[in-house]
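S.K.: Next up is a structure, given as C-alpha cells.
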Amino acid sequence: MEVKRAKITAVGHYLPEYRMTNAELETMMDTNDEWIRTRTGIQERRILKDEDKATAFMGCEAAKEALQRADVSADEIDLIILATVTPDYFFPATACLVQNMLGAKKAFAFDLSAACSGFLYALSTGSMYIEAGRAKKVLIIGTDKMSSILDYTDRTTSILFGDGAGAVVLEESTDETGIIDQIHYTEGDVNCALYQHAGGSLNPATQETLDSRQHYLTQDGRAVFKKATMGMADVSLEIMEKNGLTPDDVAWLVPHQANLRIIEATAKRMGLSSEKVMINIQKYGNTTAGTIPLCLYDWQDRLNYGDNLILSAFGGGFTWGSIYLKWGIK
Ligand code: ACO
C-alpha cells in the first residue's frame, strides 16, 4: 500500500483583544513585572472577556481563518480534532460544537486531552488518518480559555497563562514536504504536580471543593519546570538524531511557550542559535494547546518551502513529544 504523507496547507488563529499586562497583575496580587519577565519571559497575555464566548468560539474563529487561507470549504472537511483542557462542557466535545458552528456537515469530530502537548498529539493523530487514506482534509485545532481555570489569587500559576487558539488544515502531500516523523511520551503523574483536582468524576463539584478552590489549575512549579526542561530538550534532540539532522539542517524550532528558560534550554541542547527559535511568549503567555499553531501563524511569512521544522512540547499528564516536518506551503 502506498503510504501518503500529511502536510499543513494553512494556519489560522484567534486571539482575544484584551491584553492583561504584568502591571495589571501587580494590582491583583503580590507580584511584579520584573519577577514575571525574568522568571518566565512573559510581558502580557490575552484574556477572553466576553461572557458568552469560550474555547469553542476561539477554536472556530481560528479554524475559519485556516480554511479560508487553504481555500477549503467547511463541507470538504472529513475530520476535526480539537485539543483543549478547557472544553466548553464536559460533554458534548468542544470539537462537536465547532463542527456545528463551521457547518462542517461531513466531518466527524472529537476532543483530545493532552494539556500543553495537545496540539502535537492531535497533529500526529490527524496525520495518521491522511497517511492511512481514511481522510483527505483534516482540521487540527488547539484552543484554550485558560482564564476560566485560573485562580487570580495564586501568583504562582495565574501569571503564566493566557487565552487563544490556533488551527491548521492538513491535506495529502504530493511531494516530499509534510509531516515526516513524530515521537510522543507519557508518564502518568501520580504526584499531582500539575492538576485541576475537582470537577471530574473522582471529585465532583461540592460546596467544599468550591470553598477550597479545587476547581482551579494547581501545580508544583519547580517540579514541572525540571521535568519540562528535561523532557522537551531530550525529545527534540532525539528526533533530530533519529532523522540524521544537524543543527544546520533545522530551520526552526517551534516550541511550546511555557517559560522562556525552558525554550532556551531546549534550543541549547539542539545546538540551535536563538535566531532559529520561535518565541512569542512575551505577547501571549502560555495558551496551552494554542501555543504551537500561534507560533506557526506569527512566523508563516518567514517560512520557506522545504524548511525543516521541529515542533516540541511538554505538558500536564505528563505528556511530551516532538514532530519533524518539512514546511510545504509555497
Ligand atoms: N511573583 C513574585 N514572586 C513569586 C511569584 C510571582 N508571580 N511566584 C512565585 N514567587 C516567589 C516564590 O514564592 C518564591 O519565593 P520564596 O523563595 O520566598 O519561597 C520565589 O518566587 C521563587 O519561586 P520558584 O517557584 O522557585 O520560582 P521559579 O524560578 O521556579 O519560577 C515558575 C516559578 C515560573 C512557575 C517556574 O517554576 C515554571 O515556569 N515552572 C513550569 C511551570 C509551567 O510552565 N507550567 C505550565 C504547564 S506545563 C508546561 O506548559 C510545560
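The values are calculated or read from the model by the stated rules, or taken from the named source; none is laboratory data. Quick caveat, the model's predicted, so the values are computed rather than measured. Methodologically, a virtual Cβ is constructed for each residue, glycine included, from the backbone with ideal geometry; neighbour enumeration extends over all protein chains shown.
S.K.: For the range 267-283, name all the residues that are more than 17 Å from the chain's Cα centre (by Cα) and either under 16 Å from ASP234 (Cα atoms) or within 16 Å of the ligand (Cβ to nearest atom) (or both).
M.R.: Going through the range 267-283, the residues more than 17 Å from the chain's Cα centre (by Cα) turn out to be 267-276.
Scanning the range 267-283 gives ALA267, LYS268, ARG269, MET270, GLY271, LEU272.
Quick grid of which residues meet (1) surrounded by fewer than 17 Cβ atoms within 10 Å (Cβ to Cβ); (2) touching a Leu at 6+ places or on another chain (Cβ under 9 Å); (3) of a type in the set (Lys, Arg); (4) over 22 Å from PHE57 (Cβ atoms):
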{"site": "ALA114", "(1), (2), (3), (4)": "no, yes, no, no"}
{"site": "PHE119", "(1), (2), (3), (4)": "no, yes, no, no"}
{"site": "SER127", "(1), (2), (3), (4)": "no, yes, no, yes"}
{"site": "GLU131", "(1), (2), (3), (4)": "no, no, no, yes"}
{"site": "ILE149", "(1), (2), (3), (4)": "no, yes, no, no"}
{"site": "TYR152", "(1), (2), (3), (4)": "yes, yes, no, no"}
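S.K.: Consider ASP249 against the criteria (1) in contact with a Ser or Thr (Cβ under 7 Å, 6 or more places away or on another chain); (2) in contact (Cβ under 8 Å) with a residue 12 or more places away in the chain; (3) more than 15 Å from the ligand (Cβ to nearest atom): it satisfies all of them except one. Which criterion is unmet?
M.R.: (1)
Matching residues to (1) assigned to a strand (DSSP E or B); (2) in contact with an Asp or Glu (Cβ under 7 Å, 6 or more places away or on another chain); (3) of a type outside the set (A, V, I, L, M, F, W, C):
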site	(1), (2), (3)
GLY200	no, no, yes
GLU208	no, no, yes
GLN214	no, no, yes
LYS227	no, no, yes
GLY231	no, no, yes
GLU241	no, no, yes
VAL254	yes, no, no
ALA265	no, no, no
ARG269	no, no, yes
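S.K.: Yes or no: the range 135-156 includes at least one residue that is at positive phi and modelled with pLDDT of 95 or more. Walk me through how you get there before you give the answer.
M.R.: First, pick out the residues of the range 135-156 that are at positive phi: none.
The answer is no, given that none of the residues of the range 135-156 is at positive phi and modelled with pLDDT of 95 or more.
S.K.: Quick one: would you say ILE292 is part of a loop (DSSP other than H, G, I, E, B) and within 16 Å of the ligand (Cβ to nearest atom)? Show your work before the answer.
M.R.: Details: part of a loop (DSSP other than H, G, I, E, B): no; within 16 Å of the ligand (Cβ to nearest atom): yes.
No, not satisfied.
S.K.: Oh, and also: Out of (1) touching a Phe, Trp or Tyr at 6+ places or on another chain (Cβ under 6 Å); (2) surrounded by fewer than 17 Cβ atoms within 10 Å (Cβ to Cβ), the odd one out for GLY103 is which?
M.R.: (1)
Residue-wise test of (1) modelled with pLDDT under 95; (2) part of a loop (DSSP other than H, G, I, E, B); (3) under 18 Å from ILE279 (Cα atoms); (4) more than 16 Å from the ligand (Cβ to nearest atom).
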residue	(1), (2), (3), (4)
GLU2	yes, yes, no, yes
GLU24	no, no, no, no
THR31	no, yes, no, no
GLU34	no, no, no, no
ARG39	no, no, yes, no
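S.K.: Here's a follow-up. Return the residues of the range 75-102 that are out of contact with any strand residue (DSSP E or B) (no Cβ under 7 Å at 6 or more places or on another chain) and under 20 Å from HIS215 (Cβ atoms); say none if nothing qualifies. Show your work before the answer.
M.R.: If we filter the range 75-102 for residues that are out of contact with any strand residue (DSSP E or B) (no Cβ under 7 Å at 6 or more places or on another chain), which is where we start, we get 75, 88-92, 97, 100-102.
Correct list: ASP88, TYR89, PHE90, PHE91.
S.K.: Does the range 61-69 contain at least one residue that is within 13 Å of the ligand (Cβ to nearest atom) and either without any contact (Cβ under 8 Å) to a residue 12 or more places away in the chain or outside the structural domain of GLY315 (by TED's automatic domain parsing) (or both)?
M.R.: Initial filter on the range 61-69 (within 13 Å of the ligand (Cβ to nearest atom)): none.
No: zero hits.
S.K.: Residue under question is LYS226, and the condition is that it be surrounded by fewer than 23 Cβ atoms within 10 Å (Cβ to Cβ), within 27 Å of THR38 (Cβ to Cβ) and either not assigned by TED's automatic domain parsing to the domain that holds ALA56 or not β-branched (Val, Ile, Thr) (or both); does it hold?
M.R.: yes
S.K.: Which count do you get for residues in the range 218-236 that are near the ligand (Cβ under 8 Å from one of its atoms) and among the hydrophobic types (A, V, I, L, M, F, W, C)?
M.R.: Residues meeting the conditions: 4.
S.K.: Find the strands (runs of 3 or more DSSP E) located wholly in the range 86-198 whose residues include 3 or more that are more than 16 Å from the ligand (Cβ to nearest atom), and list them.
M.R.: Answer list for the range 86-198: 108-112, 137-145, 163-172, 178-186.
S.K.: Are any residues in the range 2-40 surrounded by 14 or more Cβ atoms within 10 Å (Cβ to Cβ) and either on the phi > 0 side of the Ramachandran plot or among the hydrophobic types (A, V, I, L, M, F, W, C) (or both), and if so, which ones?
M.R.: Answer for the range 2-40, where residues must be surrounded by 14 or more Cβ atoms within 10 Å (Cβ to Cβ) and either on the phi > 0 side of the Ramachandran plot or among the hydrophobic types (A, V, I, L, M, F, W, C) (or both): ALA6, ILE8, ALA10, VAL11, LEU15, MET20, LEU25, MET29, TRP35, ILE36.
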